[in-house]
Structures are given as C-alpha cells and as structure tokens.
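Below is one structure, written out as structure tokens; comments come after it.
Values quoted throughout were computed directly from the atomic coordinates according to the rules given, and no laboratory measurement underlies them. Keep in mind that this is a model prediction, so the values were computed, not measured. Reconstructed Cβ throughout: ideal geometry from the backbone, glycine too, with neighbour counts over all protein chains shown.
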Amino acid sequence: MDVLIPTCQEHGVAVIGRVILDEGGLSGFLQEDTVIPKGDYRYQYFDCLPRSVYIEKINQLKAYIPNHASSLVELAIRFVLHHPGVTTAITTMHIHEHVTQNMASAQAGPLTTDVFDSLRVKQRWVRNFTQARKHL
C-alpha cells in the first residue's frame, strides 16, 4: 500500500482492492463459537491462528465505530477507497441488503487522513497464511 499503489497510480496501472472485508471477517459474523462448515471456503481461513487473535484485531477496529464509520464494513470500504490510486474495490454482491449498504459506504467518501493513517499504522496486520497453516 505504501509504495505499490502510488507507483501504479503514477504509471496509470489500475489497482483493484479485493477481499476488502477479509472473507467476511469484517462483517461481524465471526465469533469464538462460530462453526464454519468444512465445505465453506473460509474453513481454516480464520483458524490458521487462534481465532481469539483474529477477534481481538476486530475488537480493536471497533474503537473507530461509530465516530468514523457506521460499521466495520463501512470502515473497511472507506479505508480501501481512501487512496485515489485505488481504481475499484470488490465486495459481496449476492445479498441485496449488503449491496445497498456497500454502495452507501463507498458513497460516504474517504476517511479523514488522520483516521486513515491511524488505521494504516496502528492496525496493520500482515498475516503469513502459508507459514501459519503449517501448524494446523
């Protein structure tokens, strides 16, 4: 994000934000006791580390609600679309209510620079799934 997006923007290369709701993790569905069926593509995704680690990260993001966004989904969408070098962002489209909410979030505009920078610096979380899955 720090180098890639500005470089792409400088060279006229499109940037597509994908998995911006972290496979639904930012939608609020995941709890300690959530059972993800074995055939679900998210099976093991959220549990390659202890689930409590993921949920703690989500809880830290909740500190930005409602002062800077109405939901974690809105916070994520506005975060991804903050940089003008991001051409588009992909979210779920299979539930009408989610589509409506996601569009409203995108239309809310970017976060303030202070909030964006706070999220970018204080909430950055780089996960190495390949390494983590070796321990499953």
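Run the dipole for the chain about the Cα centre, Lys and Arg Cβ at +1, Asp and Glu Cβ at -1, nothing else charged, and hand back the magnitude in debye, nearest 20. Before the final figure, lay out the partial values.
Values: 13 positive and 13 negative charges, 71 e Å.
Roughly 340 debye for the chain.
With P(r) over Cα pairs in 5 Å bins from 0, in percent in mind, check (1) 2, 9, 18, 21, 20, 16, 10, 4, 1, 0; (2) 2, 10, 15, 18, 15, 10, 8, 7, 6, 4, 2, 1, 0; (3) 2, 9, 19, 23, 24, 16, 6, 1, 0 and report the label derived from this structure.
Read-out taken from this structure: (1).
List the GluC sites (Glu not before Pro) within the stretch 1-77 that fall in a DSSP loop (any state other than H, G, I, E or B) and whose Cβ has at most 10 other Cβ atoms within 10 Å.
Here the GluC sites (Glu not before Pro) that fit, given the DSSP loop and packing criteria, are 32.
Residue 89's amide H: which non-local residues (gap 5+, or another chain) put their own amide H closer than 5 Å, with H modeled 1.01 Å from N in plane and none for Pro or chain starts?
Those lying under 5 Å, H to H, from residue 89 are 17.
Under a cut-off of 17 Å between alpha-carbon atoms, report the aspartates and glutamates in cross-link reach of residue 122, not counting same-chain residues fewer than 8 places apart.
Excluding near neighbours in sequence, the set is 2, 56, 114.
Going by Cα centres, the stretch 51-129 and the stretch 11-48 are how many Å apart?
One Cα centre to the other: 13 Å.
Determine the gain in length on full extension of the stretch residue 97-residue 67; use 0.36 nm per residue of separation and subtract their C-alpha separation, reporting nm with one decimal.
Between residue 97 and residue 67, full extension yields an extra 8.5 nm.
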